[in-house]
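Encoded as structure tokens, the structure appears first; notes follow it.
The values are calculated or read from the model by the stated rules, or taken from the named source; none is laboratory data. Quick caveat, the model's predicted, so the values are computed rather than measured. As a convention, Cβ positions derive from the backbone with ideal geometry for all residues, glycine included, and neighbour counts pool all protein chains shown.
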Amino acid sequence: MIRALHRWPGLLALALLAVLSLSGAALSVFPAAERLSAPQPGAGQSVADLAALVAATHPGLEEIRRSPSGRITAWWFRGGTAGSAVVDPVTGGDLGPADPNPVERWLTNLHRSLFLGDSGRLAMAAGAAAMLVLALSGAALIARRVGGWRHWFARLRGPIAGRLHVEISRIAVFGLLFSAGTALWMTASTFNLLPDDAPRPPLPAAISGTTRLPIDRMAALRSVPVDSLRKLSFPQEGDLQDLFTLVTDSGTGLINQGTGEMLAWAEATPWQKVSETIYMLHTGQGAATFGLILGLLALSVPILGMTGLLVWAQGRRGWTHPKDNAPAARARDVILVGSEGGSTWGFAETLARSLREAGQAVHVAPMTSFDPNRYPRAERFLILAATYGDGDAPEAAKGFLDRLGGMRKPPAAPFAVLGFGDRSFPAYCAFAAEVDRLARAKGWASLLPMDTVDRQSPQDFARWGRALGDALGLGSGPIDFVDLA
Ligand SMILES: Cc1cc2nc3c(=O)[nH]c(=O)nc-3n(C[C@H](O)[C@H](O)[C@H](O)COP(=O)(O)O)c2cc1C
């Protein structure tokens with residue numbers, strides 16, 4: 001179940017997740033670059049100092065904004081035209097255009113919505129949901145593979161693609177979980193599903209119409225350091241009733257331009273603060289190093305996609321029907337295979353070939369297809385079963401124990417179990433041992449004592465082949481495992 005939960009969202013969302021993660025990784029570089037290039041305010045500089053400086057150099061100033069990286073931008077309206085620039089907080093002079101870098105804008109649009117507006121946003125949210133499911137199910141699969149959460153960094157064995165997939169995942173999964181979870185939160189916020197709007201301060205009833213106080217003398221701006229500024233909007237030129245609107249990281253306030261006093265204040269809500277923190281951490285805007293780490297971990301997604309595809313293909317490889325396979329109804333030798341990584345199928349084919357060369361009609365099939373009534377002519381059942389997880393059944397043997405346990409009468413032909421496993425796992429060949437135990441408990445006659453093959457050892461397999469040849473009265477000659485030994 002967990003494996004299916006991991007496999008299908010992974011395969012279906014592979015391309016989407018590659019776009020999402022690669023664009024996210026590329027975007028994580030911009031806040032760091034902005035942080036490095038943004039001139040920092042002078043020590044102890046207040047919003048009043050900054051606003052006075054920028055207003056003096058920018059007649060018609062309408063708004064000053066400070067990005068989380070510390071970049072200050074000024075917006076003005078002068079002589080009938082609007083203008084904007086990044087400004088130096090120390091001199092108030094222009095440093096360059098305020099327009100975002102076109103590459104960053106392009107990547108942001110791709111990352112958020114694939115240039116498709118709200119439907120693209122929903123598609124990307126589905127991608128993030130798939131990533132969340134993949135990260136959670138992947139973490140559960142890793143824990144199962146290494147024998148519990150406590151052994152998270154245990155040494156891995158098995159085919160290279162699967163090992164690489166797990167090696168990368170066990171580091172990247174935390175970042176991917178975080179990125180996916182925060183992306184979903186931000187989508188919910190964008191679609192107004194969260195109560196995280198900034199509260200508006202109540203408009204004061206009557207405002208004195210006196211002329212504007214010099215900005216650097218306004219008490220409500222003098223007490224705010226530039227570091228906590230988000231935005232300062234100026235009153236309409238000549239409108240003495242209008243107010244300054246100040247947004248900081250703790251709330252929004254309205255300031256009387258004639259007295260410089262705070263007339264109304266709305267504190268940021270906990271929802272708003274959580275949403276802002278999530279935004280900051282997801283985008284890296286205001287947390288550039290964290291963003292870079294998330295970006296780096298996101299680069300693992302295409303690699304995980306490729307190695308995951310390989311693992312899936314390896315698992316499927318064994319399912320192709322072997323050549324010369326006798327139909328179940330005609331088979332004398334029934335070879336049942338419980339494999340996950342595919343290697344046991346190779347052993348099964350070698351065994352089948354040897355038996356066919358000895359003149360037998362051989363049927364090879366996954367253990368999942370076992371049904372005791374399907375093989376009326378069977379003379380023996382040879383069960384080749386690998387073990388996974390902490391002694392669990394491999395993919396191609398799911399449900400076998402239930403069917404075996406549910407049998408009313410065992411087949412007349414005897415069985416032999418060969419377990420494939422790895423002695424470094426505590427539950428060595430535990431699944432095969434359970435098959436053997438249950439089959440005996442159901443009264444099924446045994447052809448051979450159960451044997452095991454450690455780490456796909458050809459010698460172990462050849463030893464069992466000789467024992468089988470003896471049991472069948474064929475001697476070890478016809479069962480030719482020499483090519484494996
Ligand atoms: C993720 C994983 C978990 C495994 N768990 C066990 C185990 O619990 N006990 C064991 O004896 N072998 C375990 N093995 C080893 C395999 O059973 C062994 O390599 C087997 O030959 C694989 O056969 P297959 O390629 O047909 O799936 C595990 C291997 C992997 C990759």
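For every residue, the table says whether it meets (1) free of Cβ contacts under 8 Å to residues at least 60 places away in the same chain; (2) under 19 Å from Leu296 (Cβ atoms); (3) not assigned by TED's automatic domain parsing to the domain that holds Pro426.
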position	(1), (2), (3)
Asn109	yes, no, yes
Leu114	no, no, yes
Gly117	yes, no, yes
Ala130	no, no, yes
Gly138	no, yes, yes
Arg145	no, no, yes
Leu156	yes, no, yes
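Restricting attention to region 403-441, the residues being under 40 Å from the mean Cα position of the chain (by Cα) and either over 18 Å from Phe461 (Cα atoms) or of a type in the set (S, T, N, Q) (or both) number 12. Just to be sure I understand, how many residues within region 250-279 are crowded, with 18+ Cβ neighbours inside 10 Å, within 30 Å of Gly175 (Cβ to Cβ) and of a type in the set (A, V, I, L, M, F, W, C)? Number of matching residues: 2. The residue that is surrounded by the most Cβ atoms within 10 Å (Cβ to Cβ), counting only those in region 208-249 that are basic (Lys, Arg) and within 23 Å of Gln40 (Cα to Cα), is Arg230.
Residues in region 72-86 that are of a type outside the set (Phe, Trp, Tyr) and in contact with a Lys or Arg (Cβ under 9 Å, 6 or more places away or on another chain): Ile72, Thr73, Ala74, Val86.
Looking across region 406-429 at every residue that is over 18 Å from Tyr375 (Cα atoms) and surrounded by 20 or more Cβ atoms within 10 Å (Cβ to Cβ), the one that is farthest from the ligand (Cβ to nearest atom) is identified as Leu418. Per this entry, Gly42 is counted among residues that are touching a residue at least 24 places away in the same chain (Cβ under 8 Å) and outside any helix (DSSP H, G or I). Scanning region 150-172 for residues that are surrounded by 14 or more Cβ atoms within 10 Å (Cβ to Cβ) and modelled with pLDDT under 80 yields Leu156, Gly158, Pro159. If the condition is being buried (at least 17 other Cβ atoms within 10 Å of the Cβ), under 17 Å from Ala98 (Cα atoms) and of a type outside the set (A, V, I, L, M), then region 17-56 contributes Phe30, Pro31, Glu34, Arg35.
Going by the structure shown, is Ala172 in contact (Cβ under 8 Å) with a residue 24 or more places away in the chain, over 29 Å from Lys273 (Cα atoms) and in contact with a Ser or Thr (Cβ under 6 Å, 6 or more places away or on another chain)? It is false that Ala172 is in contact (Cβ under 8 Å) with a residue 24 or more places away in the chain, over 29 Å from Lys273 (Cα atoms) and in contact with a Ser or Thr (Cβ under 6 Å, 6 or more places away or on another chain). Gly346 falls short on exactly one of the conditions (1) surrounded by fewer than 22 Cβ atoms within 10 Å (Cβ to Cβ); (2) small (Gly, Ala, Ser); (3) away from the ligand (no atom under 16 Å from the Cβ), and that condition is (3). Taking each residue of region 354-368 that is within 23 Å of Phe400 (Cα to Cα) and looking for partners that are among the acidic types (Asp, Glu) and buried (at least 23 other Cβ atoms within 10 Å of the Cβ) with beta-carbon atoms closer than 7 Å, six or more apart or interchain, yields Val362/Asp333. Find the residue count for region 151-203, including only residues that are in a helix (DSSP H, G or I) and not hydroxyl-bearing (Ser, Thr, Tyr). Summing the residues that are in a helix (DSSP H, G or I) and not hydroxyl-bearing (Ser, Thr, Tyr) in region 151-203 gives 26. Strands (runs of 3 or more DSSP E) fully within region 217-321 that include at least 2 residues being among the β-branched types (Val, Ile, Thr) and at pLDDT 90 or above: 243-248, 251-256. Checking each residue in region 322-341 for being at pLDDT below 80 and within 10 Å of the ligand (Cβ to nearest atom) picks out only Gly341. The set of residues from region 364-375 being part of a loop (DSSP other than H, G, I, E, B) and either hydroxyl-bearing (Ser, Thr, Tyr) or buried (at least 22 other Cβ atoms within 10 Å of the Cβ) (or both) comprises Phe370, Tyr375.
Take the conditions (1) more than 8 Å from the ligand (Cβ to nearest atom); (2) of a type outside the set (Ser, Thr, Tyr); (3) in contact with a helix residue (DSSP H, G or I) (Cβ under 8 Å, 6 or more places away or on another chain); Arg440 misses just one of them, which is (3).
Determine whether Gly93 is surrounded by fewer than 21 Cβ atoms within 10 Å (Cβ to Cβ) and either of a type in the set (Phe, Trp, Tyr) or closer than 23 Å to Ile255 by Cβ (or both).
no
Name the residue that is nearest to the ligand (Cβ to nearest atom), counting only residues in region 158-206 that are aromatic (Phe, Trp, Tyr) and under 17 Å from the mean Cα position of the chain (by Cα). Looking at the filtered set, the residue picked out is Phe174. With the structure loaded, tell me whether Ala378 is away from the ligand (no atom under 14 Å from the Cβ), without any contact (Cβ under 8 Å) to a residue 60 or more places away in the chain and part of a strand (DSSP E or B) or whether it fails that test. In short, no.
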